[in-house]
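Written out below as structure tokens is the structure these notes cover.
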There are 2 protein chains.
Amino acid sequence: RYFHFCKVPGRVMGIRLLRFTSVVIIVLLLVAGALTALLPNIKDDKMPNLRREPKTQSQSALDSFTLIMQTYNRTDLLLKLLNHYQAIPQLHKVIVVWNNIGEKVPEEMWNSLGPHPVPVVFKVQTVNRMRNRLQNFPELETKAVLMMDDDTLVSAHDLAFAFSVWQQFPEHIVGFVPRKHISTPSGVYSYGSFELQNPGFGNGDQYSMVLIGAAFFHSGYLEDFQRQPEAVYALIDETQNCDDIAMNFLVAKHTGKPSGVFVKPVDVRNLEKDTNSGYSGMWHRAEHLLQRSYCVNKLVNIYDGMPLKYSNIMISQFGFPNYANHKNKM
Amino acid sequence: RYFHFCKVPGRVMGIRLLRFTSVVIIVLLLVAGALTALLPNIKDDKMPNLRREPKTQSQSALDSFTLIMQTYNRTDLLLKLLNHYQAIPQLHKVIVVWNNIGEKVPEEMWNSLGPHPVPVVFKVQTVNRMRNRLQNFPELETKAVLMMDDDTLVSAHDLAFAFSVWQQFPEHIVGFVPRKHISTPSGVYSYGSFELQNPGFGNGDQYSMVLIGAAFFHSGYLEDFQRQPEAVYALIDETQNCDDIAMNFLVAKHTGKPSGVFVKPVDVRNLEKDTNSGYSGMWHRAEHLLQRSYCVNKLVNIYDGMPLKYSNIMISQFGFPNYANHKNKM
């Protein structure tokens, strides 16, 4: 072949060579272009789902938390709260559990008002269940969950401090709302707050639960919750209540210690009154507290014992908000 | 031999037999008596140095604490405080470190005013040293030490609560007096309290030490203190100060965490003004605070680094003294 080429007359060979080298060069350029396009973007290596990451600080799994907020019939409050919570430092992502069955999520409006500091995911539910918020969401990437009721406004200061406390007590529910159970001579338990008698371990009061409607806890407990006995799900569905009591039973049983650590809130507000929806929240139902006592006793049956333990530890932030708030009266 | 006995006449054998059996019986009784005396008293197994234990509640090594109180030139305050502290629940024993060199301990008076709820041991010192209270006293039987200055009155409520907190944080110094160090651009450290700038980790203040003049800590740290470098003893002796800063360095280095846990005091009083001795305490010396900054820097040299860590956790007792003291303003 080679020799065959050499035998072709000079001019013809020149044109053919030119054509040949041109084709080779073009092919090489195309291949190079294709390779460049296929090379992975360095940022995409770290967070395959995000492009053009706007955050300046690192949001590793341990240093940030995911807000899970369930919402029903109070979209005006939800949106007001989202404007506040989306900007909390160390927040990684928001998961909105949409219990407004059949109603479209406000995703279009949300996107039209972007960009937003963090991703917000709207999880459409098929049935309006209280325990929908306790699913093990695949979007959950952080070790810490912040669970918040859709009518509760907790200041950024309170959240930053409570998150730092959770990091020191990661196996506990660290939050702002303490409750307790008391036992009675009949063996029947009652649920309540400071208005109930003290459990009688020395002076002062005790708490045995921290409600999850304003609290940090480990995402592993959502995994654990998927393995609860059917009777627990049935109880929560029957009452549309008590998912938080059930979580405290789960955590107490798991740790053998008090389930919660109470952080005294500085500025926590309930925005119920501010809604235009006319909907005022489950705890206004007449039977609400009686239901919760009922749930405590049912859970003791299911658990074949009372795993809740008492604590009287109340944690506040040293030197905040009051300069030298630790000075005693002497 | 046996047959030899049989050959002796009947009456002689009878008397010899009687004598023999009597001797055997007496010897057996003596042996039995000796064994009974040597059998360990069940209570003494737990506390070998106590007999006729008058306490009604068990005072095992983990459920009680030893008060160590060093005293110099304020015997009137000491005795006033002993009347209070000797009755604190869960107190096991009091060790008074007697720094009044050459002066007789008030043991006679103390005994004449008995009985007392717990044993009080007066440890006569040969040299008036600040660090005398940090010896590993052989009389110390409990895991917990309560160290108290001889002019500080802490209420029983505060002590009971702080002890329960210590039991949850046994590797920390749990007490009522928080202090901090701050670093400066020059690298030189300063010692102080709320009046110094915040170390700048978020809002509010931080503390990096809890002073041992009103605190619980693990008795193991007294053992550890005996193994400190000579330079530490020299520093404390030179300044007659800073033994508490040295202990915080020791604990922080040991745990890799903040050395102390601050419990907000409800009723802690300083009785200095009440003494008739005219002696008013080391902290009134003009150079006191400057000395303590000096000590921090010297200890950083000795430790070849700064082991102290910051904390902003302030612990209070839930529901005490104010019913529902956890309710926020909303």
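Scan the range A:203-241 for residues that are of a type in the set (A, V, I, L, M, F, W, C), under 20 Å from A:ASN128 (Cα atoms) and out of contact with any Cys (no Cβ under 8 Å at 6 or more places or on another chain) and the total you get is 6. Taken over the range A:299-324, the criterion of being within 7 Å of chain B (Cβ to nearest Cβ) and either more than 28 Å from the chain's Cα centre (by Cα) or assigned to a loop (DSSP other than H, G, I, E, B) (or both) is satisfied by A:ASN312, A:PHE318, A:GLY319, A:PHE320, A:TYR323, A:ALA324.
In this structure, is B:VAL118 over 20 Å from B:GLY213 (Cβ atoms) and touching a His at 6+ places or on another chain (Cβ under 7 Å)? Here the answer is yes, as B:VAL118 does meet what is asked.
Considering the range A:173-189, the residues that are surrounded by fewer than 18 Cβ atoms within 10 Å (Cβ to Cβ) and hydroxyl-bearing (Ser, Thr, Tyr) include one that is farthest from A:ASN241 (Cα to Cα), namely A:SER186. Checked against (1) closer than 24 Å to B:THR66 by Cα; (2) within 14 Å of chain A (Cβ to nearest Cβ), B:ILE236 passes all but a single condition, namely (2).
If the condition is being crowded, with 21+ Cβ neighbours inside 10 Å, in contact (Cβ under 8 Å) with a residue 24 or more places away in the chain and farther than 19 Å from B:VAL177 by Cα, then the range B:299-321 contributes only B:LEU299. In the range B:125-152, the residue that is nearest to B:ILE315 (Cα to Cα) out of those that are of a type in the set (Ser, Thr, Tyr) and more than 11 Å from every other protein chain (Cβ to nearest Cβ) is B:THR142.
Flag not set for A:GLU195, criterion: within 19 Å of A:LYS253 (Cα to Cα), exposed (fewer than 15 other Cβ atoms within 10 Å of the Cβ) and out of contact with any Cys (no Cβ under 6 Å at 6 or more places or on another chain).
When the range B:270-298 is filtered for residues that are among the polar types (S, T, N, Q) and in a helix (DSSP H, G or I), the ones remaining, listed by number, are B:GLN291, B:SER293, B:ASN297. Listed by first and then second residue, the pairs with beta-carbon distance under 7 Å, at least 6 apart or on different chains, first residue in the range B:201-221 and closer than 20 Å to B:PHE163 by Cβ, second acidic (Asp, Glu), are B:LEU211/B:ASP244; B:ILE212/B:ASP244; B:GLY213/B:ASP149; B:GLY213/B:ASP244; B:ALA214/B:ASP149; B:HIS218/B:GLU171.
For the criterion of being away from chain B (no Cβ under 14 Å) and in contact with a Gly (Cβ under 9 Å, 6 or more places away or on another chain), A:LYS180 fails. Of all positions in the range A:153-166, none carries a residue that is away from chain B (no Cβ under 14 Å) and on the phi < 0 side of the Ramachandran plot.
Is there a residue in the range A:225-234 that is within 18 Å of the chain's Cα centre (by Cα) and either among the aliphatic types (A, V, I, L, M) or surrounded by fewer than 24 Cβ atoms within 10 Å (Cβ to Cβ) (or both)? Yes. Taken over the range A:198-221, the residue count meeting the criterion of being more than 14 Å from chain B (Cβ to nearest Cβ) and surrounded by fewer than 22 Cβ atoms within 10 Å (Cβ to Cβ) is 5. Can you give me the number of residues within the range A:274-298 that are in contact (Cβ under 8 Å) with a residue 12 or more places away in the chain and either hydroxyl-bearing (Ser, Thr, Tyr) or within 8 Å of chain B (Cβ to nearest Cβ) (or both)? The qualifying residues number 5. Please indicate, with yes or no, whether at least one residue in the range B:255-270 is more than 14 Å from chain A (Cβ to nearest Cβ) and under 24 Å from the mean Cα position of the chain (by Cα). Looking for residues that are more than 14 Å from chain A (Cβ to nearest Cβ) and under 24 Å from the mean Cα position of the chain (by Cα), one finds at least one in the range B:255-270, hence yes. Looking across the range A:275-296, the residues that are at pLDDT 85 or above and either out of contact with any His (no Cβ under 6 Å at 6 or more places or on another chain) or surrounded by fewer than 14 Cβ atoms within 10 Å (Cβ to Cβ) (or both) come down to A:GLU287, A:HIS288, A:LEU289, A:LEU290, A:GLN291, A:ARG292, A:SER293, A:TYR294, A:CYS295.
Within the range B:85-114, being among the polar types (S, T, N, Q) and either touching a strand residue (DSSP E or B) at 6+ places or on another chain (Cβ under 7 Å) or assigned to a loop (DSSP other than H, G, I, E, B) (or both) holds for B:GLN86, B:GLN90, B:ASN99, B:ASN100. For B:LYS327, the criteria (1) over 21 Å from B:ASP243 (Cβ atoms); (2) not in a loop (DSSP other than H, G, I, E, B) hold in every case but one, which is (2).
The values are calculated or read from the model by the stated rules, or taken from the named source; none is laboratory data. Worth saying up front: this structure is predicted, and the values here are computed from it rather than measured. Reconstructed Cβ throughout: ideal geometry from the backbone, glycine too, with neighbour counts over all protein chains shown.
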